[in-house]
Amino acid sequence: MAYRYKKSVWMMGQSIGEIIGGFSKLLIKSIFKKATLIVVRDESSKQRLRKLGIDKKIYVLPDFALYNSGEVSTPNPNTIVFALRQLKDLPASFIQTIKDFIEYVKKEKWEIKAVAFQEKGKDADSKILKKLDLPLSPFADFKTADLVLGMRFHSLILAIKSQKPFVAISYASKVSDYMKSIKMEEYTINLENLESKHLISLFKKLQKNKEQIKRKLGKINAKSEEKFHKFRDEFKKSI
């Protein structure tokens, strides 16, 4: 619609996954080729656009939710937040895998707080929490969590911003690509490969390296701020 009325279009904070099919490639190429400004979240997205023939300037910036460092609160020890996502094509073993992990976490005397990033609609997080017999906790509990099990993309961004060590369950390339871009892929597990043993192993590793990860997340935030300021100054000069 914007192009139809000859408006300037800024493509901001985009993630570009693997593009399948000739029509999809032509459509995406057409949309991005006309854009005045293109900003993607990770290098993989930039390279996919390059393969489509987009040769104009493409900025690679962290997710815009990381603009301005968040408040780092004192965590409640042994508290883990679950931020899961309801999907229509979840693997058949997903529920049991997470239930096995819940059993392990509780046995280790950890308190689980399950929060919802989407509260309404067909993909409401409450649906998956109901299947897992997890009561919905106030969103404010995220702020005081010690660790995070995140599946929702922005739960991972919030964990980075608030410097909370996390394990990411990747359900799409935008998650795995972003985790790779910040060198946190070792704490990422693909949805199709999700197993309770692997999840428990990553959780133990997260506990062991907790303080080291917090420092790393602090550096990621600082580097993100630098990139945003550089982009802001460069963009101002171009308009």
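Things worth noting here:
- Label positions at residue 180 and residue 43, each projected 7 Å from the Cα along the C-beta direction, are separated by 1.0 nm.
- Here r is the Cβ-Cβ distance between residue 103 and residue 18 and R0 is 30 Å; the resulting FRET efficiency, rounded to 0.05, is 0.25.
- Exceeding the 22 Å Cα-Cα cut-off - candidates 57/237; 107/197; 25/227: 25/227
- Sequence-separation-based contact order of segment 68-121, relative, with Cα cut under 8 Å and 6+ spacing, percent: 56
- Separation of segment 13-50 from segment 145-210 is 25 Å, based on Cα centroids.
- Sparse packing (at most 11 other Cβ atoms within 10 Å of the Cβ) combined with a DSSP loop state is found for the following GluC sites (Glu not before Pro) in segment 73-145: 119.
- Sorted peptide list for 5-18, 157-170, criterion being average Cβ within 10 angstrom, highest first: 157-170, 5-18
- Long pairs among 109/130; 113/230; 131/174; 143/219; 120/204, criterion Cα-Cα beyond 31 Å: 113/230; 120/204
- Averaging the sequence gap over all C-alpha pairs within less than 8 Å and six or more residues apart, then dividing by the number of residues, gives the chain a relative contact order of 20 percent.
- Only helical runs count toward this figure. For the chain, summing -39,500 (n - 2.57) over DSSP H runs of n ≥ 4 and dividing by all residues gives -13500 deg cm²/dmol at 222 nm.
Bear in mind these aren't lab numbers, they're just calculated from the coordinates by the rules spelled out. As the structure is a prediction and not an experimental result, all values here were calculated from the model. Backbone-built Cβ (ideal geometry, glycine too); neighbour counts: all protein chains shown.
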